[in-house]
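The values are calculated or read from the model by the stated rules, or taken from the named source; none is laboratory data. Fair warning: this is a prediction, and the values are worked out from it, not measured in the lab. Every residue, glycine among them, receives a Cβ derived from its backbone with ideal geometry; neighbour counts consider all protein chains shown. What goes into the accessible areas is simple: the full protein's heavy atoms, side chains included, and nothing from ligands, DNA or RNA. Shrake-Rupley method; radii C 1.70, N 1.55, O 1.52, S 1.80 Å.
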Amino acid sequence: MHKPFKKPIYITRPLLPSLDKYKKLLEQVWDSQWITNNGPKHKKLEKKLRNYLKVPSLSLFNNGTTALITAIQSLKLTGEIITTPFTFPATPHAINWNHLIPVFADIKKNDFTIDPRSIEKHINKKTSAILAVHVFGQPCDVYAIENIAKCYKLKIIYDAAHAFGTEINGIPIGQFGDISMFSFHATKLFNTAEGGALAFNDLRLKKIIELTKNFGIKNEEEVLLPGLNGKMNELQSSLGLLNLEEINEEKSKRQNIYNTYITELKNVTGVSLSELDTKNKNSLQYFVLRINKEKFGISRDDVYRKFKKYNIYTRKYFYPLCSEYNCYKNLPSADKKNLPVANQVVKEILTMPFYGSLKDEEVTKICFILKSFKK
Ligand SMILES: *Cc1c(COP(=O)(O)O)cnc(C)c1O
């Protein structure tokens, strides 16, 4: 029997710069008396992120959810949008806030991203777009999705909240689709406490996105459309500028933790791992396991409960499926029969502690404890 951890171990800890460095930037903000509305820190961060993510254009937001709502508005979508039930609530909610209908397609069992074959089954005259999620930083089947979109004249939005820095064969993830949304929430790899961005290839979209995120205000005399307040402020932008300097080091620490998990767990029957696809550069946002009850001896729910006794707090991301929420469960596409893979995966998935300051011996201990649960 292993001893429980003295301090609780959570699945993530926010990346934070040194407080002294942050104070220096805040002094500049205080001196300038310019704390929001496209200030100098905001401008600088926008440019740096455009370079880091290697995208033609980018707009910053106060969080990823307003960014996603704005993306849907800006593309003037109508009717139905096909999406995945295996995601964070913000994905279907952003569709709902636009008074459009989310239609749930099933996911693929190898990487949990939306299944292009299932997308095609749900297309009808009302369909205007596909909102796909690079879940856990694994890229969607972007080329198959692109072909479907071309064939049926649909727009593509990617929820890339987990995919900061993901690449496919060297192509940055933000270059796919019409618009990609990134989230900079505290729990995400790169954070501004709360924050987000839209990345897009068509430079003409910049105007409507910027208008929409600022109440539709064109100038002192004219308001052009019913926008919202999606602006990122100077305090968030300053935090972002400093965290961006730390990001590569954080990623290399996470890569080591990732390798330790793989080494410790690769031969455990009943536990499957999300191996890095060699072609793709994974964002190292999450470390996710799949527990097969028959082969491992106990269920994912039991593993989750037992870990708590050791002061280890794993998460059942993304349980429950969005198609099971009260607000969506009566949609025809939410029927369990329509989503067999998602309904199976959601019972088996477990998100493990994963952040740069997690120590190697802590990872080893977590793995030993998991192995001791096996029956
Ligand atoms: C975090 C997250 C969001 C929402 O982003 P916020 O910045 O918290 O509003 C949307 N989609 C997914 C998949 C997420 O994980």
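Of all residues being touching a helix residue (DSSP H, G or I) at 6+ places or on another chain (Cβ under 8 Å) and closer than 26 Å to L49 by Cβ in region 248-273, which is surrounded by the fewest Cβ atoms within 10 Å (Cβ to Cβ)? Just the residue, please.
N256
State all residues of region 310-332 that are within 16 Å of the ligand (Cβ to nearest atom) and part of a helix (DSSP H, G or I); if no residue qualifies, say none.
Passing the criteria: C322, S323.
Among what's in region 280-314 and is farther than 27 Å from F164 by Cβ and of a type in the set (S, T, Y), pick the residue that is surrounded by the fewest Cβ atoms within 10 Å (Cβ to Cβ).
Here the residue is S299.
All but one of (1) farther than 22 Å from I69 by Cα; (2) in contact (Cβ under 8 Å) with a residue 40 or more places away in the chain hold for P139; which doesn't?
Of everything listed in (1) farther than 22 Å from I69 by Cα; (2) in contact (Cβ under 8 Å) with a residue 40 or more places away in the chain, P139 misses just condition (1).
Could you grab the pairs with beta carbons closer than 7 Å, sequence gap of 6+ or different chains, first residue in region 277-298 and without any contact (Cβ under 8 Å) to a residue 40 or more places away in the chain and on the phi < 0 side of the Ramachandran plot, second one open to solvent by 20 Å² or more (accessible area, probe 1.4 Å) and not small (G, A, S)?
Listed pairs, sorted by first residue: K295/T269.
Which one of these is assigned to a helix (DSSP H, G or I), modelled with pLDDT of 95 or more and among the aromatic types (F, W, Y): F354, F307?
F307
Those residues that are part of a loop (DSSP other than H, G, I, E, B) and either among the aliphatic types (A, V, I, L, M) or more than 12 Å from the ligand (Cβ to nearest atom) (or both), I need them from region 86-101; list them, please.
N98, H99, L100
Using the structure shown, decide if N110 is modelled with pLDDT under 95 and either buried (at least 23 other Cβ atoms within 10 Å of the Cβ) or away from the ligand (no atom under 16 Å from the Cβ) (or both).
yes
Inside region 107-139, can you point out the residues that are of a type in the set (D, E, K, R), closer than 27 Å to S274 by Cα and out of contact with any strand residue (DSSP E or B) (no Cβ under 8 Å at 6 or more places or on another chain)?
Within region 107-139, K109, D111, R117, E120 meet the criteria.
Kindly evaluate N201 against the criterion of being within 16 Å of E46 (Cα to Cα) and polar (S, T, N, Q).
yes
Being part of a loop (DSSP other than H, G, I, E, B) and open to solvent by 10 Å² or more (accessible area, probe 1.4 Å) is true for just one of L211, L235, L241, L203. Which residue is that?
The conditions single out L203.
Within region 155-192, which residues are open to solvent by 10 Å² or more (accessible area, probe 1.4 Å) and either at positive phi or of a type in the set (S, T, N, Q) (or both)?
G165, N169, G170, Q175, G177, S183, T187
Might you check whether a residue that is of a type outside the set (S, T, Y), closer than 30 Å to F215 by Cα, out of contact with any Asp or Glu (no Cβ under 7 Å at 6 or more places or on another chain) and within 12 Å of the ligand (Cβ to nearest atom) occurs anywhere in region 135-152?
no
Is there any pair linking a residue in region 38-50 that is more than 16 Å from I209 (Cβ to Cβ) to one that is among the charged types (D, E, K, R), with Cβ under 9 Å and at least six apart or on different chains, and which?
G39/E234; P40/E234; K41/E234
Which one of these does E220 not meet: (1) open to solvent by 10 Å² or more (accessible area, probe 1.4 Å); (2) closer than 30 Å to T314 by Cα?
Here E220 meets the rest and fails (2).
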